[in-house]
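Quick note: the coordinates plus some simple rules give every number you see, no bench work behind them. All values reported here derive from a predicted model rather than from experimental measurement. So basically every Cβ, Gly included, is an ideal-geometry build from the backbone, and we count neighbours across all protein chains shown.
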Amino acid sequence: MPRIAIIGAGIAGATLANRLTYSGVTVDLFEKSRGTGGRLASTRVGQLSADLGAPYLDGCSSEFERFLNSFVEKGVVETWRTTRSDFDLNQQESIDYKIGAGRNSLFTRELLKGATLHTETRIGVVWSDKQGVLIRDDQGYLIDYFDAVVVAAPAPQAVPLLETSPRFAHRADQAATSANWIALFQFDKRPSRLDGVSVIEGEHPEFYRIIVESDKPGREGVLIRVEMRESWSQSHIDDEREPLLQMIEAMLADWLGESLKPSTSKIHRWLYSRTLQSAQLTQPLWDAELSIGACGDWINEPGLEGAWKSANELADVIIDSFGAGGNLS
Ligand SMILES: Cc1cc2nc3c(=O)[nH]c(=O)nc-3n(C[C@H](O)[C@H](O)[C@H](O)COP(=O)(O)OP(=O)(O)OC[C@H]3O[C@@H](n4cnc5c(N)ncnc54)[C@H](O)[C@@H]3O)c2cc1C
């Protein structure tokens, strides 16, 4: 059976790994971070779990819905029935979100079950030659040769990894991404302005979204996630973390109308949080001659569902290219 390396354990890499291992392919997945999920990662604040990337598994197609529902049956994904509002708290509505049970990163962990996962391994080089496709880590150490390699990293990080295929590198270079600051605050008591509401989004000059993370099923305590607007994040992109965290805390207190002191807090900068402009490729990025491919939210449709779709479309092509005896043709 062919052996394929995937670089990146976000939803695209994990979905592709799931499809390929299900088809009998041996998959090694390399991820530079300690955990899985990529921009669907989760973290801990004190003793509490929080989703640090996309807060829920949202999409709009019935295919994506069906895919998520198959994990609801396994207890890996669950429905969060909650209340969403605008920042004036005038327009409140009941809404259902799909989330990873416990935390979102567990969903990608489940998808990766059949693959061999190598975390804390940053890939520096992918090169196709007569022996196959080699990968080296960022120190130049040769990891191995594979029958094929798929790059499932965000566009700016995919560009250097796709050097062996200048055409693909150029495509990745065409995608545009945005940055985001996220702050998480643990409080001893719930701010009264958030009584009865868990998700706040809409018009606001600085905040993009405020979510009471601890209202998600199975979570504990009072943990509030503040996602800053892209324009605000960009204007503070190189700021020191601690003063920025204090600034966001003051802005939150101002909006809440009470200055509660958080018992723990955390700040994270996503340099490539969302794809603003994809490479607009309607065909999967797969070079059968070089045995190199790429997938992710920058290929055609941005967002979680776009990343998932691009992985599925690439999986179809790779699975189709198995010749007799399991060779890639
Ligand atoms: C704060 C935030 C909120 C969001 N909200 C939403 C939302 O509401 N709805 C929505 O649809 N989308 C949302 N998104 C976007 C969504 O999360 C992404 O579009 C999607 O998760 C991208 O998945 P991916 O698999 O393509 O990439 P990623 O999740 O980025 O996965 C790529 C992985 O590759 C790894 N990697 C990169 N370079 C290397 C290397 N050299 N070696 C090894 N590993 C490497 C990275 O560490 C990462 O884990 C949000 C994103 C953020 C950050």
Look at residue 298 and say whether it is among the aromatic types (Phe, Trp, Tyr) and either out of contact with any Pro (no Cβ under 9 Å at 6 or more places or on another chain) or surrounded by fewer than 16 Cβ atoms within 10 Å (Cβ to Cβ) (or both). no
Margin query: Among the residues of region 271-283, are any more than 26 Å from residue 195 (Cβ to Cβ), of a type in the set (Lys, Arg) and touching a residue at least 40 places away in the same chain (Cβ under 8 Å)?
Written below: yes
Within region 277-313, residues in a loop (DSSP other than H, G, I, E, B), on the phi < 0 side of the Ramachandran plot and away from the ligand (no atom under 11 Å from the Cβ) come out as 279, 281, 282, 283, 284, 288, 289, 290, 300
Considering region 27-44, residues that are within 6 Å of the ligand (Cβ to nearest atom) and of a type in the set (D, E, K, R), and then whichever is farthest from residue 141 (Cα to Cα), we arrive at 39
Region 1-111: strands (runs of 3 or more DSSP E) wholly inside it with 1 or more residues that are of a type in the set (Ser, Thr, Tyr) and crowded, with 18+ Cβ neighbours inside 10 Å are 42-45, 48-51, 77-85, 93-100
Residues in region 187-210 that are touching a Phe, Trp or Tyr at 6+ places or on another chain (Cβ under 9 Å) and either within 20 Å of residue 235 (Cβ to Cβ) or within 13 Å of the ligand (Cβ to nearest atom) (or both) total 9
Of 267, 318, the only residue that is away from the ligand (no atom under 13 Å from the Cβ) and touching a residue at least 40 places away in the same chain (Cβ under 8 Å) is 318
Within region 128-163, restricting to residues that are in contact with a helix residue (DSSP H, G or I) (Cβ under 7 Å, 6 or more places away or on another chain) and of a type in the set (Val, Ile, Thr), the one that is surrounded by the most Cβ atoms within 10 Å (Cβ to Cβ) is 150
